[in-house]
Amino acid sequence: MARYTGPVCRLCRREGMRLYLKGDRCYSEKCAVDKRNYPPGQKAQGRRKVTEYGLQLREKQRARRFYGVLERQFSRYFDLAERQQGITGENLLRLLERRLDNVVYRLGFARSRSEARQLVRHGHFTVNGKRVNIPSYLIRSGDEIAVQEKSRELPVFVVIAETVAQKIPPAWLEVDPERMLGRVVGLPAREDIDVPIQEHLIVELYSR
């Protein structure tokens, strides 16, 4: 499966904000955005004023990088959001939030979305009792996501289990820290999605 394999701190610097792609490092003073608060590249600091198209493109790239989605897949999500009833931009964000790797991250079962993606790919999670190893799997209201019992003894989950109770999931999710199990109590509303994305700019970009 295609995925970005380059330096992720470079992506945060390009967007000018923390995308929380490296887990604990993003919360420390070692964060690249704090140490080098300018875009990567030799001529980055002398770039010209951004056009309207540039703002729209930047917003789309930011959304892609937040959720770890490549270009073709993001375009498919937009097409699906456009066919659904309601506001296209909000539909798009809801689809991205419903990805299994994002839900695992939101529940606190991983320290970053990239780590969640890797753990899902390795088959450490079940959905409604069935093993699922597809990060893009779209969860539904009423689904239960759990760490496989045999995986809970792995060092990575031992560390995560110590902190999962301290994290507050969004309103559309519930978590049982002792059983390492999460429930989807409803689909996310726009106010439940805290990523700093102006989805209307993405819609404008694809409407050109």
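Coupling constants for the range 150-167 follow from the phi torsions by the Karplus curve (6.51 cos²θ - 1.76 cosθ + 1.60, θ = phi - 60°), and in residue order they are 6, 7, 5, 8, 5, x, 4, 7, 5, 5, 5, 4, 6, 10, 4, 5, 7, 9 Hz; glycine and proline get x.
Summarising the amide proton neighbourhood of VAL175: residues at separation of 5 or more, or on other chains, whose placed amide H is nearer than 5 Å comprise ARG183.
When Lys and Arg each count +1 and Asp and Glu each count -1, what net charge do the other residues less than 11 Å away from ILE160, Cβ to Cβ, add up to? Here the count lands on +1.
Taken one residue at a time, the phi angles of the range 138-149 give Karplus couplings (6.51, -1.76, 1.60, θ = phi - 60°) of 8, 6, 10, 4, x, 5, 10, 10, 9, 6, 4, 4 Hz. Gly and Pro are set to x. Loop-located trypsin sites (Lys or Arg not before Pro) across the range 94-161 with a Cβ neighbour count of 12 or fewer within 10 Å are ARG140, with loop assigned by DSSP.
Bear in mind these aren't lab numbers, they're just calculated from the coordinates by the rules spelled out. Since this is a predicted model, take the numbers as computed values, not measurements. Note that each Cβ is placed from the backbone with ideal geometry, even for glycine, and that neighbours are counted across all protein chains shown.
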